[in-house]
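Only one structure is covered here, and it is reproduced in the block below.
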Amino acid sequence: MNRIDLEEMEKMLDLAEEAMHHAYTPYSNFQVGACLRTSDGEYYLGCNIENASYTPTVCAERTAMFKAVFDGKRSFDGIAIICSGNNPSFPCGVCRQVLSEFCESGMPVLSSNRNREYTVCTLGELLPHSFGIGDLKA
Ligand code: THU
C-alpha cells in the first residue's frame, strides 16, 4: 500500500466530485461520488445508482470497487468519498464490508461533505473486527 499525501487526497477528491455528477438518484436526491486508487496508481470512479425497487440501489463506493475488481485490480491505496449533503459521507456498513475484502485495515478513507470539508480515518477504524477470508477456515 502506497502512502497518499495531502495533494493526492485533494486530487482524489476532485475525481470523486466529478464522479458524483454521474449519480442516478431520482428517489433520494442524495448524490455520492467515490474515487478508489489502486496500488498501481490508477483511479476507479463510482457513483450511487438508485432503483425504483429501492433495495437494488448500489452505493458509489461499491460501484467503484466492482469496476476495479472486474478489471483485475486487487490492491488499493485509498478511497475518497464526497456527497451532496451537509455532513461528510462515510461508507455504509455494506460498503465497509466490501472494502474490507480487498483493502488493508490501515487504508485511508476520506469522507467529505458537499463543501469539501472532510475527515480522514482508516478502514479499520470504520470496521473493527471485520469478517474476512481467514474466518472461513475450519
Ligand atoms: N449512499 C452511497 O452511495 N454511499 C454510502 O456509503 C451511503 C449511501 C447512497 C445510496 C443511496 O443512493 C443514497 O446514498 C441514500 O442512501
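The values are calculated or read from the model by the stated rules, or taken from the named source; none is laboratory data. These numbers come from a predicted model, not from an experiment. Neighbour counts run over all protein chains shown; Cβ positions are idealised from the backbone, glycine included. In case anyone asks, the SASA skips ligands and DNA or RNA and just uses the protein heavy atoms, side chains included. Shrake-Rupley method; radii C 1.70, N 1.55, O 1.52, S 1.80 Å.
For this structure, a couple of remarks:
- Probe 1.4 Å - accessible area at GLU7, Å² to nearest ten: 150
- Within the same chain, lysines fewer than 8 places from LYS11 are excluded, and of the rest, those with a Cα less than 30 Å from its Cα are LYS67, LYS73.
- Accessible area of the chain belonging to carbon and sulfur atoms, whole % at 1.4 Å probe: 53
- Student exercise, the chain dipole from Lys, Arg, Asp, Glu Cβ charges, in Debye to nearest 20: 360
- Multiplying each eigenvalue of the alpha-carbon gyration tensor of the stretch 6-136 by 5 and taking the square root yields semi-axes of 21, 17, 14 Å, largest first, rounded to whole angstroms.
- Accessible area (Å², 1.4 Å probe, nearest 10) - THR119: 60
- Of SER39, SER84, PRO128, farthest towards positive along the dipole that unit charges on Lys, Arg, Asp, Glu beta carbons give the stretch 6-136: SER84
- Taking every protein chain into account, the accessible area of the chain amounts to 54 square angstrom per residue (probe 1.4 Å).
- Relative contact order, whole percent, for the chain stands at 20, derived from Cα pairs under 8 Å and 6 or more residues apart.
- Only aspartates and glutamates eight or more places from LYS137 in sequence, or on another chain, were considered; those with a Cα closer than 18 Å are GLU101.
- For the stretch 38-92, the relative contact order is 32 percent, taking Cα pairs closer than 8 Å that sit 6 or more residues apart in sequence and dividing their mean separation by the residue count.
- Take 48-54, 97-103 and order them by the average number of nearby Cβ atoms within 10 Å per residue, most first; the result is 97-103, 48-54.
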